[in-house]
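A.B. asks: Quick one: this structure, given as structure tokens, is what I'll be asking you about.
The values are calculated or read from the model by the stated rules, or taken from the named source; none is laboratory data. The shown structure was predicted, so the numbers you read here are calculated from the model rather than taken from an experiment. Neighbour counts run over all protein chains shown; Cβ positions are idealised from the backbone, glycine included. In case anyone asks, the SASA skips ligands and DNA or RNA and just uses the protein heavy atoms, side chains included. Shrake-Rupley method; radii C 1.70, N 1.55, O 1.52, S 1.80 Å.
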Amino acid sequence: MERITATYFIETPFAPEKAAAVLAGEQSSGTFVAVPGETEELKQRFAARVESIDLLETVSEPAIPGATSPTGKYNRAMVTVSWSIENFGYNLPVLISTLQGNLYEIKQFTGLKLMDIELPASFGEHYSGPAFGIDGCRKLTGANHRPLIGTIIKPSIGLSIEQTADIVKTLATAGIDFIKDDELLSSSANSNFNDRVDAVMKVINAHADSTGKKVMFAFNISGEVDEMLQRYEKIVNAGGTCAMISINSVGLAGTKKICDQKQLAIHGHRNGWGMLTRHPLLGIDFKAYQKLWRLAGVDQLHVNGIQNKFWEADDSVVHSIEACLTPMYDHKTVMPVVSSGQWGGQAFETYRRTKTVDLLYMAGGGIMAHPMGAAAGVIALQQAWKAAVDGLSLEEAANQYPEFKKSVEKFGSK
């Protein structure tokens, strides 16, 4: 019988072997005390197994609250546990309950982080993954052999529908590939969702009719499932190509329901991500996280950015990009979305570290606050990426491209 395997980074005041056994028991057939009915036959079929334990180090202070160590020492280890697929079948919410459920509450752990998941081959047959992925998003936008250049409507909330449509027109004229609602906006007092879709798509469709290029706009449909389906249909009928979901807010089941419609590319925004991973010994690593959302079917997934405005280190961002680009079954590959305080200056280090242009490069203020205007902001990002791929330095690019030079003067010291 196929098995699902999960790897955890743990810290425990007890012997790691005993703590791992508690984890396996609590997350399958066992509990804190032996109960009638937990026969050897039942355990053989349904109990989780501890597959390996690799001891790492011992520390004198616990990472998070838990049981007090009798020796004053806390042991860290990598622990691999497996479950039979019979425990949950093809049910992503129950899979999550198993891999990330009450085990975070267990007092035997003063640190626990899900680092990776290995899923059996049948998952690749049951789940179809992204409907569009990188290649599909390139086809929808006409952006080939380079990153998709994108931005966020700013201010995040408060603009009228008319102001939003005017910004979209400016950006489309400048040659942008992708625009999205901010996650804070779905339908507000002065920007009703349906009316915003009509106004924005009127601009985008007119631009497409005159130029042949259709800008991808990710409308934020996050909400209750029925509401999201209604908004999804509105976008389709208006000629749109993309919808955005705040995946941590909506959840796996709601996100998968939307992805299963397969008529729009789905932009997976991971706002709230820091709550899940910021502590090095709590939550989930992006390597495991992105596999779950790829199964659900998102086409684009945020990974933060090099030299970003948040807490995440560059190495972590690079590993996240690599994780997204790693093939998963024969599914289409999810597009990494690089964002967070980005402007053209980070393109050079991003390309140096990843050697890929298979990403959506998002700049909000880096485009909207360009000293020559938003249109020049788009051009400056295009110039920066061309220079980076061509092997120019930032200084050489600034000397060659006037719009990028203004970006350096504006953002270079930030």
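A.B. asks: Please verify whether the range 379-388 includes one or more residues that are among the aliphatic types (A, V, I, L, M) and open to solvent by 50 Å² or more (accessible area, probe 1.4 Å). I'd like the intermediate steps shown before the answer.
C.D. replies: Filtering the range 379-388 for residues among the aliphatic types (A, V, I, L, M) gives 379-381, 384, 387-388.
Subset that is open to solvent by 50 Å² or more (accessible area, probe 1.4 Å): 379.
Yes, some residue in the range 379-388 is among the aliphatic types (A, V, I, L, M) and open to solvent by 50 Å² or more (accessible area, probe 1.4 Å).
A.B. asks: Looking only at the range 236-250, which residues are surrounded by fewer than 23 Cβ atoms within 10 Å (Cβ to Cβ) and closer than 15 Å to Trp293 by Cα?
C.D. replies: Ser246, Asn248, Ser249, Val250
A.B. asks: Considering each residue of the range 287-302, count those that are open to solvent by less than 40 Å² (accessible area, probe 1.4 Å), touching a residue at least 40 places away in the same chain (Cβ under 8 Å) and more than 22 Å from Gln263 (Cα to Cα), and give that number.
C.D. replies: 1
A.B. asks: Contact list please: Cβ distance under 7 Å, first residue in the range 42-56 and free of Cβ contacts under 8 Å to residues at least 40 places away in the same chain, second residue open to solvent by 90 Å² or more (accessible area, probe 1.4 Å), pairs at least six apart or on different chains.
C.D. replies: Listed by first residue and then by second, the contacts come to Ile53/Glu17.
A.B. asks: Picking from Thr12, Thr80, Thr5, Thr110, which residue would you name as being at pLDDT 95 or above, more than 29 Å from the chain's Cα centre (by Cα) and surrounded by 14 or more Cβ atoms within 10 Å (Cβ to Cβ)?
C.D. replies: Details: Thr80 fails: more than 29 Å from the chain's Cα centre (by Cα); Thr5 fails: more than 29 Å from the chain's Cα centre (by Cα); Thr110 fails: more than 29 Å from the chain's Cα centre (by Cα).
Of Thr12, Thr80, Thr5, Thr110, the one residue that is at pLDDT 95 or above, more than 29 Å from the chain's Cα centre (by Cα) and surrounded by 14 or more Cβ atoms within 10 Å (Cβ to Cβ) is Thr12.
A.B. asks: Yes or no: the range 154-169 includes at least one residue that is under 30 Å from Leu282 (Cα atoms), touching a strand residue (DSSP E or B) at 6+ places or on another chain (Cβ under 9 Å), among the small types (Gly, Ala, Ser) and in contact (Cβ under 8 Å) with a residue 12 or more places away in the chain. Talk me through it step by step, then tell me what you get.
C.D. replies: Step one: of the range 154-169, the residues under 30 Å from Leu282 (Cα atoms) are none.
No; the residues of the range 154-169 include none that is under 30 Å from Leu282 (Cα atoms), touching a strand residue (DSSP E or B) at 6+ places or on another chain (Cβ under 9 Å), among the small types (Gly, Ala, Ser) and in contact (Cβ under 8 Å) with a residue 12 or more places away in the chain.
A.B. asks: Taking only the range 153-173 into account, find how many residues are open to solvent by less than 20 Å² (accessible area, probe 1.4 Å) and over 10 Å from Val215 (Cβ atoms).
C.D. replies: Final tally of qualifying residues: 3.
A.B. asks: Would a scan of the range 306-327 turn up a residue that is buried (at least 19 other Cβ atoms within 10 Å of the Cβ) and touching a residue at least 60 places away in the same chain (Cβ under 8 Å)?
C.D. replies: No.
A.B. asks: Only residues that are open to solvent by less than 50 Å² (accessible area, probe 1.4 Å) and charged (D, E, K, R): list them for the range 50-77, please.
C.D. replies: Listed by number, the list holds a single entry, Arg76.
A.B. asks: Same structure, new question: Please go through the range 194-231 and give me each residue that is farther than 20 Å from Gly158 by Cα, assigned to a loop (DSSP other than H, G, I, E, B) and not basic (Lys, Arg), ordered by number.
C.D. replies: Scanning the range 194-231 gives Gly212, Val215, Glu224.
A.B. asks: Now for a different question. Restricting to the range 255-276, and then to whatever is in a helix (DSSP H, G or I), open to solvent by less than 10 Å² (accessible area, probe 1.4 Å) and not aliphatic (A, V, I, L, M), can you tell me which residue is farthest from Ser186 (Cα to Cα)?
C.D. replies: Of all residues in the range 255-276, those in a helix (DSSP H, G or I) come to 255-259, 273-276.
Right, trim to open to solvent by less than 10 Å² (accessible area, probe 1.4 Å) and you get 255, 258-259.
When the remaining residues are screened for being not aliphatic (A, V, I, L, M), the result is 255, 259.
Values: Thr255: 16, Cys259: 18 Å.
Step by step, filter the range 255-276, then rank; the result is Cys259.
A.B. asks: Take the residues in the range 172-193 that are touching a residue at least 60 places away in the same chain (Cβ under 8 Å) and assigned to a strand (DSSP E or B), then tell me which one is nearest to the chain's Cα centre (by Cα).
C.D. replies: Lys180
A.B. asks: Under the condition of being open to solvent by less than 40 Å² (accessible area, probe 1.4 Å) and among the polar types (S, T, N, Q), which residue from the range 83-105 is nearest to Leu282 (Cα to Cα)?
C.D. replies: Here the answer is Thr98.
A.B. asks: Another one. Return the residues of the range 208-230 that are within 29 Å of Leu252 (Cβ to Cβ), open to solvent by 30 Å² or more (accessible area, probe 1.4 Å) and in contact with a helix residue (DSSP H, G or I) (Cβ under 6 Å, 6 or more places away or on another chain); say none if nothing qualifies.
C.D. replies: Once the filter is applied, which keeps residues that are within 29 Å of Leu252 (Cβ to Cβ), open to solvent by 30 Å² or more (accessible area, probe 1.4 Å) and in contact with a helix residue (DSSP H, G or I) (Cβ under 6 Å, 6 or more places away or on another chain), the range 208-230 yields only Val225.
A.B. asks: Go through the range 126-146 and give me each residue that's assigned to a helix (DSSP H, G or I), more than 20 Å from the chain's Cα centre (by Cα) and free of Cβ contacts under 8 Å to residues at least 40 places away in the same chain.
C.D. replies: Step one: list which residues in the range 126-146 are assigned to a helix (DSSP H, G or I), which gives 126, 133-141.
This time we only want the ones that are more than 20 Å from the chain's Cα centre (by Cα), so: 126, 139-141.
Selection gives His126, Lys139.
A.B. asks: Going through the range 340-356 one residue at a time, which ones are more than 17 Å from Ile379 (Cα to Cα) and surrounded by 23 or more Cβ atoms within 10 Å (Cβ to Cβ)? Write out each step before concluding.
C.D. replies: Quick first cut of the range 340-356, residues more than 17 Å from Ile379 (Cα to Cα) only: 340-341, 349-356.
Residue satisfying the conditions is Thr350 alone.
A.B. asks: Would you tally the residues in the range 357-373 being in contact with a helix residue (DSSP H, G or I) (Cβ under 6 Å, 6 or more places away or on another chain), open to solvent by 20 Å² or more (accessible area, probe 1.4 Å) and farther than 16 Å from Ser340 by Cβ?
C.D. replies: Result for the range 357-373: 3.
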